[in-house]
There are 2 protein chains.
Amino acid sequence: MPVTARGSATGLSGACEPSAGGIVVSFERMNSVLEIDTGNHVAIVQPGVTLADLDLRTAEVGLTYPVSPGELSASLGGNVATNAGGMRAVRYGVTRNQVLGLEAVLPSGEVIRTGGKLAKASTGYDLTQLIIGSEGTLAVVTEATLRLYPRPPHQATVLAPFHTVDEVARAVPKVVNSGVAPLILEYLDGFTMAAITHSQDLDLGIPAQVKEKAQAYLLVMLESGHAQRLDEDIEQLGNLLTELGSIDLYVLPGPSARRLVEAREKAFWTSKAAGAHDIVDTVVPRAAIPEFLSAAADIAKRHSSLVFGCGHAGDGNVHLAVFQADEAVRSALLRELFEACMKLGGLISGEHGIGRSKKSYFLQLTDPATIELMRRVKTAFDPDGILNPGVLLGS
Amino acid sequence: MPVTARGSATGLSGACEPSAGGIVVSFERMNSVLEIDTGNHVAIVQPGVTLADLDLRTAEVGLTYPVSPGELSASLGGNVATNAGGMRAVRYGVTRNQVLGLEAVLPSGEVIRTGGKLAKASTGYDLTQLIIGSEGTLAVVTEATLRLYPRPPHQATVLAPFHTVDEVARAVPKVVNSGVAPLILEYLDGFTMAAITHSQDLDLGIPAQVKEKAQAYLLVMLESGHAQRLDEDIEQLGNLLTELGSIDLYVLPGPSARRLVEAREKAFWTSKAAGAHDIVDTVVPRAAIPEFLSAAADIAKRHSSLVFGCGHAGDGNVHLAVFQADEAVRSALLRELFEACMKLGGLISGEHGIGRSKKSYFLQLTDPATIELMRRVKTAFDPDGILNPGVLLGS
């Protein structure tokens, strides 16, 4: 009997779609924040707790759980299963970097506990890390111990239009390496920026003559515990971006900044509404973004398709919306995109996971020794193959 | 034929001791830094590269690999196998947090590549994380891709004597949570401080009347890209430590600070030279250090033994030197120490690993479902059990 664990079902690769004839274990009502431990900066949550709930609870004590995959109704259980990322990963890392311990039920019914409120451990294989991102195929997580951070009081958002996507992509490693430690470092191409500001009815006050010239934008958010340090960092960042060729610079007021970030988080839905047929979230080495975007443009052109994008530039995580109605052409295009990304040292997914939607590409493009090893690991946890059999490695 | 991989053989739990009749694969001469990639802030190294070599190469381009387990002749391959930690883990995390990808040889002879120069990935099980810390029992690592960081130009070191170990332990979470983000946050009990300063002939200029009162010390190092911010942080830290009851405060000049940190790194050897019969590196939740140290003192007393220590206080990683010549008594004492630590939510080792020396305790004190699961994972990689069979899970 196939068993599929399900949190808020907000994932983007179909990892919580059940198998025919199987059952769904929904965690929607197993949603208590069990503990906020201010001494150890740790939260213990049940899998159904949403990011929105956790944010309210941590805010009360001046702390924050920093993973922000763009959908606050997402559950922590789902975040663990898919190793959720999001815009703040450039500063804080992804879910994998925040989970210190788990309680999980094995397919045998045995309950194990891994890790704990511990900053480090070298005591046997790291089962916590193995279960994170396994998309419900190894064990069912019933509790997670999460790292919390001080909630810095000061934030500022800078938007920099550039003449070309290439210029933006080349600016990214220089911003990351400058030491200003951005909280958010996103790129948006001109099409995506126009689409999300239009769909959200958002006026950022950018003059028409700048918009006309700007083929791409860099969105940078900084945070700090000290107002003065933040001002200094903005100045340093501004100087750097100007050197790197930005057409102009806008320090966005709080409400506009929040609305732009929200609009960016909804880019997936905006693309879908605009008729995109698929969405990918390839990841490449940060400095290889220009080369990858150029390869993606060539591939799209060759297949008479449109590919637009935005992405977590600081992480090399390039999100592309693919417009191509013909399934066979689209599938060939996607395969070429993934091959191009892997040729640059990248992988198919930075944060959405493989699930059902990218499984055939994953199985075709990953070397067979690795797939066979993953299958043996799967069998070590789940000899009868009952957990989420259609997902990731499933046939 | 048992196969044991070996780097510089500086580990503290015997994970690179070969099995009788087996062979050792030494990586001493496979020691090239293959690439320092300044755009992506990444180094690619062969396993025999030492931390000292890597530090020289990264310094040339203003970057740093931050893991510093106290022995610069340690190899990166060994660091990956044991998930090495060290003093700077409170700021940068341990080896696990720096390794982005691996090349590894499976017992079958198949070569796999995991991860890459990638800040994030959600593309199948995280084999990188599974191999890190597996102490040579799953695969033999032949190449590692490591994260590098900007090398901050400014450092300062503060030493604060306290009346009791308990006061020091209670100060730790408050310093971590204050936002000053220490690079190093160590505690040393009075005995350990006296031993290491004496053995290194190190005069820190602490007046005799302060030394007499000080039963414990907190050692805090800060770093920053900005000299002025560092001064501000020292002042904030100083005020906090004074509030928390420190007897006095010493901002150590560079040479003294370096010598004290080196002496602290050699605490293991100092303890050994002083006649310690065993060393443990239990890890507990940071805020549980006072309770654990009190339990440890009780256990030592009950067994008429001496237990002294120092530790990576910011990580909850408590290093204790155990003086008890009788093997049976010592073994009972160690078991009780580990039980006390696990009762507080801790684990047997924070960074030294299990290896051969802590294996019997690990197998006795870990729940059987977890051990059996780890054994099945071991079999998934190594069905014939040829890799380092006497270590970790081996019988």
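Picking from A:Leu241, A:Leu222, A:Leu202, A:Leu218, which residue would you name as being buried (at least 17 other Cβ atoms within 10 Å of the Cβ) and more than 17 Å from A:Val165 (Cβ to Cβ)? Lay out the reasoning, then the answer.
Details: A:Leu241 fails: more than 17 Å from A:Val165 (Cβ to Cβ); A:Leu202 fails: buried (at least 17 other Cβ atoms within 10 Å of the Cβ); A:Leu218 fails: more than 17 Å from A:Val165 (Cβ to Cβ).
Checking each option against the conditions leaves just A:Leu222.
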*asked:* Checking A:Phe362 against (1) closer than 30 Å to A:Gly190 by Cβ; (2) at the interface with chain B (Cβ under 10 Å from one of its Cβ atoms); (3) touching a Ser or Thr at 6+ places or on another chain (Cβ under 7 Å): exactly one of these is not met. Which one?
replied: (1)
*asked:* For the range A:168-187, give me each residue that is more than 20 Å from the chain's Cα centre (by Cα) and either within 22 Å of A:Ala84 (Cβ to Cβ) or surrounded by fewer than 24 Cβ atoms within 10 Å (Cβ to Cβ) (or both).
replied: A:Arg170, A:Lys174, A:Asn177, A:Ser178, A:Gly179, A:Val180
*Return the pairs, sorted by first residue and then second, in which the second residue is crowded, with 18+ Cβ neighbours inside 10 Å and among the aromatic types (Phe, Trp, Tyr), the first residue lies in the range A:2-21 and is under 19 Å from A:Asp382 (Cα atoms), the beta carbons are less than 8 Å apart, and the residues are 6+ apart or on different chains.*
A:Ala5/A:Phe27; A:Arg6/A:Phe27
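Can A:Ala263 be described as open to solvent by 30 Å² or more (accessible area, probe 1.4 Å) and of a type in the set (A, V, I, L, M)?
Working: open to solvent by 30 Å² or more (accessible area, probe 1.4 Å): no; of a type in the set (A, V, I, L, M): yes.
Answer is no for this residue.
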*May I ask you to list pairs of residues, at least six apart or on different chains, whose Cβ atoms are under 6 Å apart, with the first in the range A:215-242 being under 12 Å from A:Pro152 (Cβ atoms) and the second being among the polar types (S, T, N, Q) and open to solvent by 70 Å² or more (accessible area, probe 1.4 Å)?*
A:Glu223/A:Gln155
_Meets criteria (free of Cβ contacts under 8 Å to residues at least 40 places away in the same chain, in contact with an Asp or Glu (Cβ under 7 Å, 6 or more places away or on another chain) and surrounded by 15 or more Cβ atoms within 10 Å (Cβ to Cβ)) for B:Val67_ = no
*What number of residues in the range B:190-199 are closer than 17 Å to B:Val261 by Cβ and either open to solvent by less than 20 Å² (accessible area, probe 1.4 Å) or touching a strand residue (DSSP E or B) at 6+ places or on another chain (Cβ under 6 Å) (or both)?*
3
*Out of all the residues in the range A:113-153, which are more than 7 Å from chain B (Cβ to nearest Cβ), without any contact (Cβ under 8 Å) to a residue 24 or more places away in the chain and open to solvent by 20 Å² or more (accessible area, probe 1.4 Å)?*
A:Arg113
_Subset tally (residues that are surrounded by fewer than 24 Cβ atoms within 10 Å (Cβ to Cβ) and within 19 Å of B:Gly14 (Cβ to Cβ)) for the range B:76-105_ = 0
*Quick one: what pairs do we get from the range A:94-112, first residue within 7 Å of chain B (Cβ to nearest Cβ), second in a strand (DSSP E or B) and open to solvent by less than 40 Å² (accessible area, probe 1.4 Å), C-beta under 6 Å, 6+ apart or different chains?*
A:Ile112/A:Ala104
*Looking at (1) surrounded by fewer than 21 Cβ atoms within 10 Å (Cβ to Cβ); (2) more than 10 Å from chain B (Cβ to nearest Cβ); (3) not small (Gly, Ala, Ser), can you tell me which one A:Val165 breaks?*
(1)
_Can you say whether B:Leu252 is crowded, with 19+ Cβ neighbours inside 10 Å, farther than 25 Å from B:Leu320 by Cα and modelled with pLDDT of 90 or more, as far as the supplied structure shows?_
yes
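Looking only at the range A:1-20, which residues are more than 26 Å from the chain's Cα centre (by Cα) and at pLDDT below 95? Step through it out loud before you land on a result.
Here is the first cut: in the range A:1-20, the ones more than 26 Å from the chain's Cα centre (by Cα) are A:1-2, A:20.
A:Met1, A:Ala20 - these are the residues of the range A:1-20 that are more than 26 Å from the chain's Cα centre (by Cα) and at pLDDT below 95.
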*So which residues in the range B:29-49 are more than 14 Å from every other protein chain (Cβ to nearest Cβ) and in contact (Cβ under 8 Å) with a residue 24 or more places away in the chain?*
B:Met30, B:Asn31, B:Val33, B:Val45, B:Gln46, B:Pro47, B:Gly48, B:Val49
*modelled with pLDDT under 95, more than 13 Å from every other protein chain (Cβ to nearest Cβ) and within 25 Å of A:Val90 (Cβ to Cβ) - does that describe any residue in the range B:50-73?*
yes
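So which residues in the range A:134-165 are assigned to a loop (DSSP other than H, G, I, E, B) and charged (D, E, K, R)?
From the range A:134-165, those assigned to a loop (DSSP other than H, G, I, E, B) are A:134-139, A:148, A:151-153, A:163-164; that's our starting set.
Within the range A:134-165, A:Glu135, A:Arg151 qualify.
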*Just one of (1) over 19 Å from B:Thr145 (Cβ atoms); (2) within 14 Å of chain A (Cβ to nearest Cβ); (3) buried (at least 16 other Cβ atoms within 10 Å of the Cβ) trips up B:Glu17, so point out which.*
(2)
_Which of the strands (runs of 3 or more DSSP E) found entirely inside the range A:8-118 contain at least 1 residues meeting this: within 17 Å of A:Leu387 (Cα to Cα)?_
A:23-26, A:99-105, A:111-115
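Considering A:Arg335, A:Arg356, which residue is in contact with a Gly (Cβ under 7 Å, 6 or more places away or on another chain) and either among the polar types (S, T, N, Q) or more than 10 Å from chain B (Cβ to nearest Cβ) (or both)? Walk me through how you get there before you give the answer.
Numbers: A:Arg335 fails: in contact with a Gly (Cβ under 7 Å, 6 or more places away or on another chain).
Residue meeting the stated conditions: A:Arg356.
For the range B:308-385, please list each of the helices (runs of 4 or more DSSP H) lying entirely inside it that holds at least 3 residues being of a type in the set (D, E, K, R) and either free of Cβ contacts under 8 Å to residues at least 24 places away in the same chain or open to solvent by 50 Å² or more (accessible area, probe 1.4 Å) (or both).
Values: elements: B:327-343, B:359-365, B:368-381.
Passing ranges, in order: B:327-343, B:368-381.
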_Restricting to the range A:188-204, count the residues that are among the aliphatic types (A, V, I, L, M) and more than 21 Å from the chain's Cα centre (by Cα)._
3
_Check on B:Thr282, more than 17 Å from B:Leu183 (Cα to Cα), of a type in the set (S, T, N, Q) and away from chain A (no Cβ under 14 Å)_ = no
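The values are calculated or read from the model by the stated rules, or taken from the named source; none is laboratory data. The structure displayed is predicted, hence computed values, not measured ones. Using ideal geometry, Cβ is built from the backbone for each residue, glycine included, and neighbour counts are taken over all protein chains shown. Each accessible area value is taken on the protein alone, full model and side chains, heavy atoms only, with ligands, DNA and RNA left out. Shrake-Rupley method; radii C 1.70, N 1.55, O 1.52, S 1.80 Å.
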